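The values are calculated or read from the model by the stated rules, or taken from the named source; none is laboratory data. All values reported here derive from a predicted model rather than from experimental measurement. Here the Cβ positions follow ideal geometry from the backbone for every residue, glycine too, while neighbour counts run over all protein chains shown. For the accessible areas, the whole protein counts, side chains as well, though only heavy atoms, and no ligand, DNA or RNA atoms are used. Shrake-Rupley method; radii C 1.70, N 1.55, O 1.52, S 1.80 Å.
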Protein chains: 2
Amino acid sequence: MFRNFKGVEKTAYGRGSFNKLDEILGPHRSSGAGYLIFFVDEYFEGNEEFKTRIPLEENDKLEYISVTEEPTTELIDTLRDKYLTNYGMPAGVVGIGGGSVLDVTKAISLMFTNEGSSTLYQGLNLIKKPGIFACGVPTISGTGAEVSMTAVLTGPEKKLGLKCDWTVLNQIVLDPDLTATVPDNQWFYTGMDNYIHCVESMTGHLKNTFSEAFGFKSLEMSKEVFLELERKDPKSDEMLMVASYMGGLSLTYSEVGVCHALSYGLSMVLHTHHGLANCIAFKELEDVYGDYVGEFNRMVAKHGIELPSNLAAGWSDETIDEMVEVAIKLEHMWNHAFGENWKEVLDRERIKNWYKRM
Amino acid sequence: MFRNFKGVEKTAYGRGSFNKLDEILGPHRSSGAGYLIFFVDEYFEGNEEFKTRIPLEENDKLEYISVTEEPTTELIDTLRDKYLTNYGMPAGVVGIGGGSVLDVTKAISLMFTNEGSSTLYQGLNLIKKPGIFACGVPTISGTGAEVSMTAVLTGPEKKLGLKCDWTVLNQIVLDPDLTATVPDNQWFYTGMDNYIHCVESMTGHLKNTFSEAFGFKSLEMSKEVFLELERKDPKSDEMLMVASYMGGLSLTYSEVGVCHALSYGLSMVLHTHHGLANCIAFKELEDVYGDYVGEFNRMVAKHGIELPSNLAAGWSDETIDEMVEVAIKLEHMWNHAFGENWKEVLDRERIKNWYKRM
């Protein structure tokens, strides 16, 4: 698997680094190229203390992003058109939030310079031009969006990323202070997104020694965070932030697998949030992920998480079939999970059975 | 410790990735901006099979670099002037070799655009302008030069790096096939450079959770390579290459320490090669690095390495004093190793005693 991967250009890690955001963004204003747009998770709307910490200058814009639904191609197109029409081309975009907000930031950076609807660019290397400057500040850990070359969007026809070198953020600011106040459930589901990335990355066919170093280290740190440390231990936020970063880098030379394929079906058809959808799927995958599922269940139990169960009882056959159709199309995930002869071990019936267990 | 660090722009890792060098360099030629210079370790001089694998085009230049002595400011200035006078500004430089060759490549990339002697720029952030495109292909693992923001040069007055964001390579190609044939001694000394980086990085005052994740993972991989695997196991070359990469990144939020300070004295005064100088110093540092020195000795024994001893018997007091003066000036290393009150535990006498044990 040859890949020449683009890295994040600049990385600031550490407690208090969010306070340096003004200084970090300075060089990107100095060309006098225009205003910055700050996309901020709606979670912070109304939090005036937090708002004062965002280094807004006179012409900058602040847009709160709803994360009830995952980012859609329609949202990106609408936002892009609104800003271009009313204020012209910005100098850059800054995302402050979880994976959805970072993906909005990455996608819109590209869509400011690539014409037409973002639906045209869902897939690998379809983007024609580099985007504008994009900075990401995660306020929750686990998505890997801070280092990934994809911005996942749900379109009218598919959930698929704008995936290319230019999707990678120009700057990231990783401040573990920001994740200390994340509500427990979200903290858990998003942390499990990374745990599951790593399990999938480390159990498939495409990995190499580079991805193993990152993936196994990230898994080790995840276990420490979710099975050993107390949530309030400051080390916990620090380790989870680095684990997410490393888990994302592990995927550079690997892929996600069965759980993410099933989870995409749940999100596409039932709008289940990604982190939760992963957990609903992962607990039914002992036939694929073995002891990792037991370890996952211990994490669920330790943190008193009540995962929804018996969901399938409420799903019609049509609903399940629809999810199966979404999942089976994700061939790169099946190829990684089961090897190039994956069609010998996987058919619609097997996928359907996984959904029926949920 | 706040740091907004520049990452390598593009990374290709994997067996056979050296065969993709032509494709990787392509976009940097297409602007028609000029020729490329390939700086290649003299170890490969006369190896015609290897030479045919270097993607030289008509106007490109190939320069073998002697690594008997570490790179000097004089070498950089002379090479830069030679190429500018005879061929004009190149489009980029490609280094194929160990840490010295990578440092030559990084330094000369900067010196093509920054006027005057490289001695003017030895230190932190003294460089005024970004350099030309620079690609590094390590043929030995352990220096960390592939990811570091420094290009260490020995000048008439000091051994000190050109250290700034622009020193970081634009592209690296990490192909474990290239390191399989490194002579055993060099393989060991250079691998120990990384082991010692990590021990120093992980035992001092400046580290944080980010550097710990990289540093401890790199240490774990180093132990596996030097205490468990056989050298001819293909996994060994792969792991050492990733360990070096991670060890280099660990130093982003940390520093080297006592061993490197002493080692710089040895190299500056006696021209001892860096990897060997580190080993000579490290084995005498049990009072600082405790059990790590025992572990290091087991690695030395396992690989049948004969480290020089009783060297100090042949050194005059003046020679030792000269080395002490070089070492004591490296305040950032002492500060990391012993904390900000390092002067309370360190004086010239203590440094002198370490040298006398060698």
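Quick notes on this structure:
- Each residue in the stretch A:1-45 was checked for being of a type in the set (Ser, Thr, Tyr) and more than 7 Å from chain B (Cβ to nearest Cβ), and 4 pass.
- Selection over the stretch B:1-13 of residues that are assigned to a strand (DSSP E or B) and either within 21 Å of the chain's Cα centre (by Cα) or at pLDDT below 95 (or both) gives a count of 6.
- Check on A:MET221, of a type in the set (A, V, I, L, M, F, W, C) and away from chain B (no Cβ under 12 Å): no
- Any hit, the stretch B:211-229, residues being out of contact with any helix residue (DSSP H, G or I) (no Cβ under 7 Å at 6 or more places or on another chain), farther than 20 Å from B:GLY144 by Cα and not in a helix (DSSP H, G or I): no
- Considering residues of the stretch B:154-211 that are within 27 Å of B:PRO130 (Cβ to Cβ) and touching a Pro at 6+ places or on another chain (Cβ under 8 Å) only, the residue nearest to the other protein chains (Cβ to nearest Cβ): B:LEU174
- A:PHE214 being within 11 Å of chain B (Cβ to nearest Cβ), touching a Leu at 6+ places or on another chain (Cβ under 7 Å) and open to solvent by less than 20 Å² (accessible area, probe 1.4 Å): yes
- Matching helices (runs of 4 or more DSSP H) fully within the stretch B:242-312 where at least 2 residues are open to solvent by 40 Å² or more (accessible area, probe 1.4 Å) and at pLDDT 95 or above: B:286-289, B:291-302
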